[in-house]
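In what follows, a single structure is set out as structure tokens and then discussed.
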Amino acid sequence: MGGRVTDNGARDISIASVGPKFNGIVVQNSATSAKPFSYIVNNLNVNFRGNGGNDFSGYGSALMTDGYAALTINKSRFILDGVVRNAATIKGHSTLTINDSYIETSSPRCRPSPRA
């Protein structure tokens with residue numbers, strides 16, 4: 001929602017999901033290219049509720065990089081609540097740099113059981 005998304009970066013966007021296995025920002029270059037691909041995101045707001053899927057594959061990650069991608073995140077906020085709902089998956093030869101940001105991850109909030 002909102003903001004601006006281009007081929008080289010994004011700014012002032014919000015991504016929200018209450019469903020499982022939903023990814024946020026995914027940056028990767030061609031599987032046949034070893035040329036680095038850079039992408040910069042400023043002022044991102046992520047709010048994910050619900051379970052991820054596979055933390056090794058990156059299903060449900062707020063951020064995922066692969067190949068020779070180089071993702072930089074600046075001044076952003078991540079609130080993630082769910083089982084296997086990870087903030088970042090970094091695969092291949094990719095890099096992720098996060099600057100001046102807030103990341104909160106948690107399991108689903110459980111209600112206390114009533115006492116008998």
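Quick check: from the Cα gyration tensor, does region 21-76 come out rounded (a/c under 1.5), prolate or oblate?
Working: a/c = 3.64, a/b = 1.29, b/c = 2.82.
Oblate.
In Å², what does the accessible area per residue of region 19-116 work out to with a 1.4 Å probe?
Here the per-residue accessible area is 59 Å².
Relative contact order, percent, of region 8-116 when contacts are C-alpha pairs under 8 Å separated by at least 6 residues? Could you put the intermediate results ahead of the total?
Values: 297 pairs, mean separation 29.0, N = 109.
Answer for region 8-116 is 27 percent.
When DSSP beta bridges are limited to those with both residues in region 6-116, what percentage is antiparallel, rounded to the nearest 5?
Numbers: 1 of 36 bridges.
So the antiparallel bridges in region 6-116 amount to around 5 percent.
Charges only on Cβ, +1 for Lys and Arg, -1 for Asp and Glu: so what's the dipole of the chain about the Cα centre, in debye to the nearest 20?
Numbers: 12 positive and 7 negative charges, 75 e Å.
It works out to roughly 360 debye.
Percent of accessible area on the chain owned by carbon and sulfur, 1.4 Å probe? Could you put the intermediate results ahead of the total?
On the way: 3690 of 7150 Å².
So the carbon and sulfur contribution to the accessible surface is 52 percent.
With point charges of +1 on the Cβ of Lys and Arg and -1 on the Cβ of Asp and Glu, referenced to the Cα centre of the chain, which listed residue (G82, S30, S94) lies farthest in the positive direction of the dipole?
Looking along the dipole axis, the top candidate is G82.
The values are calculated or read from the model by the stated rules, or taken from the named source; none is laboratory data. Note that this is a predicted model, so its numbers are computed, not measured. With ideal geometry, Cβ positions are generated from the backbone for all residues, glycine too; neighbour counts draw on all protein chains shown. Quick note on the areas: whole protein, heavy atoms, side chains included, nothing else; ligands and nucleic acids left out. Shrake-Rupley method; radii C 1.70, N 1.55, O 1.52, S 1.80 Å.
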